[in-house]
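Contents: one structure, followed by commentary.
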Amino acid sequence: MALPTYASPLEKVWHYTYLAICGAIFFFLIAPIVVIIPLSFNVEPYFTFTDRMLSFDPDGYSLRWYDSLLTFGMARPDAPRDLSWWADAWRNAKWVNAAKSSIIIGFFSTILATVLGTLAALGLSRPEMPYRRAIMAMLISPMIVPIIITATGMFFFYSNPCEPLTWIGLNPECGRLAGTYLGVILAHATLGIPFVIITVTATLIGFDQSLNRAAASLGANPRTTFFRITMPLILPGVISGALFAFVTSFDEVVAVLFIAGPDQQTIPRQMWNGIREQISPAILAVATLLVIFSIALLTTVELLRRRSERLRGLTPR
């Protein structure tokens, strides 16, 4: 943005100093993310730039680490790449199995978090709702409390979920939730609900409640009013919250380390194990794919935010 002609020398100095500070902060934040992308194409098994990479020698770059995402853990990685090879990769490749687990857990935890978070946001948006601030603080506490504390509490609760009932004299038989897909899904849904509540609540701030009253005056029941009036207007916020919940689930590793069993090997957990047991640039390849995936999701969220503003008349079409 150009400075006005009447800007004083001090204002000009501050303007350019401000731009330099913003550029330095942006570089500080983005450099650790950008640097892993070229390293993931390193032909050597190193986490540093080789001389051939720095000289832009094509022989210094390779897709071997992206290929290892499919072959690591396979029974016959060197077999001809026919249908049986791809079936072997689908069944046995560790990174493929980790991706499948992350998608399954992320999908179901996102559905659960979106439904519960949207219902909570609708209730908290009503002015007659008592103790709204206290309830809101309690519902968004998972994103405020350190995750290690939340994961520890989930571990002890999931080990015996019916133990609180023994305090009132009941002794029911309950299975363990720790080490199961259901337990991990519930844990990730708990961590994703606050993001859904915040995004949907922000969307409901500009919602005109007179639309609901107008629909009721025309004979529409509450269900019809919600699906025909409320839901289309808050849908961008709901989808944004769902995307944040999915990213939270896809990126979570602490709760998985506490709760998941051997079968719930997600991508972050596989990366953690790879760093501890077998350091390989394949981790950089996975990180690059996750960066691209995150950029796509953030772009979607921004497009939905602009659509929501247009629907509410906050910006011109």
Matching residues, the range 180-198, being within 13 Å of Leu124 (Cα to Cα) and open to solvent by less than 30 Å² (accessible area, probe 1.4 Å)
Pro194, Val196, Ile197
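Restricting to the range 1-57, name every residue that is closer than 29 Å to Leu290 by Cα and charged (D, E, K, R). I'd like the intermediate steps shown before the answer.
Within the range 1-57, the subset closer than 29 Å to Leu290 by Cα is 21-57.
Listed by number, the residues that qualify are Glu44, Asp51, Arg52, Asp57.
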With the condition being under 21 Å from Met154 (Cα atoms), I'd like the helices (runs of 4 or more DSSP H) fully within the range 186-255 carrying at least 3 qualifying residues.
231-251
Picked from the range 282-306 (must be more than 14 Å from the chain's Cα centre (by Cα) and closer than 22 Å to Ile198 by Cβ), the residue most open to solvent (accessible area, probe 1.4 Å) is Arg306
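Given the options Ile275, Ile279, name the one that is among the β-branched types (Val, Ile, Thr), surrounded by fewer than 18 Cβ atoms within 10 Å (Cβ to Cβ) and outside any helix (DSSP H, G or I).
Values: Ile275 fails: outside any helix (DSSP H, G or I).
Of the residues listed, the single one that is among the β-branched types (Val, Ile, Thr), surrounded by fewer than 18 Cβ atoms within 10 Å (Cβ to Cβ) and outside any helix (DSSP H, G or I) is Ile279.
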Looking at Phe155, is it at pLDDT 90 or above and in contact with a helix residue (DSSP H, G or I) (Cβ under 9 Å, 6 or more places away or on another chain)?
no
Among the listed residues Asp78, Asp82, Asp57, Asp88, which satisfies the condition of being free of Cβ contacts under 8 Å to residues at least 60 places away in the same chain, over 26 Å from the mean Cα position of the chain (by Cα) and open to solvent by less than 30 Å² (accessible area, probe 1.4 Å)?
Asp88
Could you tell me whether the range 40-50 includes any residue that is of a type in the set (A, V, I, L, M, F, W, C) and either assigned to a helix (DSSP H, G or I) or more than 32 Å from the chain's Cα centre (by Cα) (or both)?
no
Determine which single condition Ile234 fails, assuming it passes every other condition in (1) surrounded by fewer than 18 Cβ atoms within 10 Å (Cβ to Cβ); (2) over 18 Å from the mean Cα position of the chain (by Cα).
(1)
Restricting to the range 93-111, count the residues that are open to solvent by less than 60 Å² (accessible area, probe 1.4 Å), of a type outside the set (Ser, Thr, Tyr) and part of a helix (DSSP H, G or I).
8
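Looking for something assigned to a helix (DSSP H, G or I), among the basic types (Lys, Arg) and free of Cβ contacts under 8 Å to residues at least 24 places away in the same chain - is there at least one such residue anywhere in the range 257-272? Please lay out each step first, then the result.
So the first thing to find is which residues in the range 257-272 are assigned to a helix (DSSP H, G or I), and the list is 257-259, 267-272.
Applying the additional criterion that residues be among the basic types (Lys, Arg) yields 269.
Still in the list and also free of Cβ contacts under 8 Å to residues at least 24 places away in the same chain: none.
No; the residues of the range 257-272 include none that is assigned to a helix (DSSP H, G or I), among the basic types (Lys, Arg) and free of Cβ contacts under 8 Å to residues at least 24 places away in the same chain.
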Within the range 1-19, considering residues that are loosely packed, with under 10 Cβ neighbours inside 10 Å and among the aliphatic types (A, V, I, L, M), the one modelled with the highest pLDDT
Leu10
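The values are calculated or read from the model by the stated rules, or taken from the named source; none is laboratory data. Keep in mind it's a predicted model, so treat the numbers as computed, not measured. All Cβ positions, even for glycine, are placed from backbone atoms using ideal geometry, and neighbour counts span all protein chains on display. Accessible surface is based on the protein model in full, side chains and every heavy atom, while ligands, DNA and RNA are left aside. Shrake-Rupley method; radii C 1.70, N 1.55, O 1.52, S 1.80 Å.
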